[in-house]
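Everything on this sheet refers to the single structure shown next.
Bear in mind these aren't lab numbers, they're just calculated from the coordinates by the rules spelled out. Computed from a predicted model, the values in this text were never measured in an experiment. Here the Cβ positions follow ideal geometry from the backbone for every residue, glycine too, while neighbour counts run over all protein chains shown.
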Amino acid sequence: MKKMKRRLALLLCMMLAVPAALGCLPAASLHAEAAEVITLRMNPSGGGIEAEAGKTIPLSKLTYYVNEKYVTVYLSAVKGVEYESSDTAVATVDKQGRVKTKKAGTAKITITYRGATAVYTIKVVKKGAHNAKSAKYTRILKLAKEIDRYKNKKITASNRYKVSQLHSLFYEASDKVVDHRGFADDKYYPNYTYVPMILPELLDLEVGMASTRVYEYAKKNNPVGTVSGKCFKVRSVSAKANSNTFTIRLTKKVNATQIFAIKEYYNWEYNTWTQAHKGESFLENDKTARFPIYLIDQKTGYRYRGWAVATEKSAQLTVTMDYFSLKAKRSYQIKGDITGGGVGAYKNGWAKGKTFTVK
């Protein structure tokens, strides 16, 4: 009898312990996790591509998904993607998402991944329709191949200007018609049903990878437009009344990497360019860089824009204001470049709200 009571007691304890134990388990072991919601997106955004017969188009490198956390992943980097062509006589597609154009006509390529779907309309034109043997085409392709050599290389002091210049020359050569993916620019073809794929070879070359690397390098080392931790630090400010210029003294001398980072970050809009290579322009290694700066009048609250010039191996910035002269006995606060992220990135921008008073 005693043994029976012990067994019943043990069984009861076990039954009571099971719910408690289950309560300690992770929720994922009790309930199926909700599936991550993703959205497939395409380049070009309209999903229309025109290509000559006999070309290969790597759609997996043009299609990407964005998840709930706004993380972007290209389908070339994932598995389990399905591709299907509506007309294999016009264009076929393999398991890696490579489309091969066969003959003139139209085919729809359907891409399915994790329940999301994207559809490309491929318009195939006859071979030679895009005049691919023209001198312009040859030059663009040559530059693209040069840039391609840097797509997997680390950006360094020895190659940063070279990569930047090649990228600029590429866009000059393409005459603002073809972008780095080989597509015609929408601005120049506003009424075109399909975005023509003039240079499908560029998709395999992945010209954009090199330009992205050099931009990220500049962003990381930019002393005025990001929160890289390598920002300029202000020691003091010298300013005179009724003058549109003043001087910012820094705690350290400006180095060559900071100069390049500023020039590349503000690239087309704010810096000095030189004419070379048959009139085409590119970023010049002239040891100076120009970037926007703002002053806030502490009395009125008005904001005024100026331009700061940094010079390699100098510990000061020379600032010239736009259509504005400093007033005597007036205090001003230095702000970073509002459009470039200096203010939005962290409080008061790279100058950290430095305030000075004009004598």
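If we sort 296-306, 140-150 on the protection proxy, mean other Cβ atoms within 10 Å, highest first, what's the order?
Details: 296-306: 13.5, 140-150: 19.2.
Descending packing order for the listed peptides: 140-150, 296-306.
How large is ³J(HN,Hα) for each residue in region 64-77, as worked out from phi by the Karplus curve 6.51 cos²θ - 1.76 cosθ + 1.60 (θ = phi - 60°), to whole Hz, x for Gly and Pro?
9, 10, 10, 9, 5, 9, 6, 8, 9, 9, 7, 5, 5, 9
Within region 306-324, whose backbone N sits under 12 Å from a point 7 Å along Cα→Cβ of Lys287?
Of the residues in region 306-324, 311-314 have backbone N under 12 Å from the label point off Lys287.
Viscosity 1.002 mPa s, temperature 20 °C: give me the Stokes-Einstein translational D for region 77-118 in µm²/s, with Rh taken as the Kirkwood radius over C-alpha pairs.
Value of D from the Cα-based Kirkwood radius: 200 µm²/s.
Taking the highest mean first, how do the peptides 39-52, 105-118 order by number of other beta carbon atoms within 10 angstrom per residue?
39-52, 105-118
For Asp87, what residues show an amide H to amide H distance below 5 Å, using hydrogens built from the backbone and excluding near sequence neighbours?
Lys108
Calculate, for Ala328 and Tyr302, the FRET efficiency according to 1/(1 + (r/R0)^6) with r their C-beta to C-beta distance and R0 22 Å; round to the nearest 0.05.
It comes out at approximately 0.85.
Multiplying the sequence separation of Lys313 and Thr110 by 0.36 nm and subtracting their Cα-Cα distance, what value in nm do you get? Mind dumping the intermediate values first?
Details: separation 203, 0.36 × 203 = 73.08 nm, distance 5.64 nm.
Extending this stretch completely gives an extra 67.4 nm.
Under 13 Å from the Cβ of Thr106, count the other residues' Cβ atoms, weight Lys and Arg +1, Asp and Glu -1, and hand me the total.
Every neighbour counted, the sum reads +2.
So, by mean Cβ neighbours within 10 angstrom, what's the order for 241-250, 58-67, 71-80 with the highest one leading?
58-67, 241-250, 71-80
Efficiency by 1/(1 + (r/R0)^6): what FRET value for Thr121 and Arg235, r their Cβ-Cβ distance, R0 = 56 Å, to the nearest 0.05?
That gives a FRET efficiency of 0.40.
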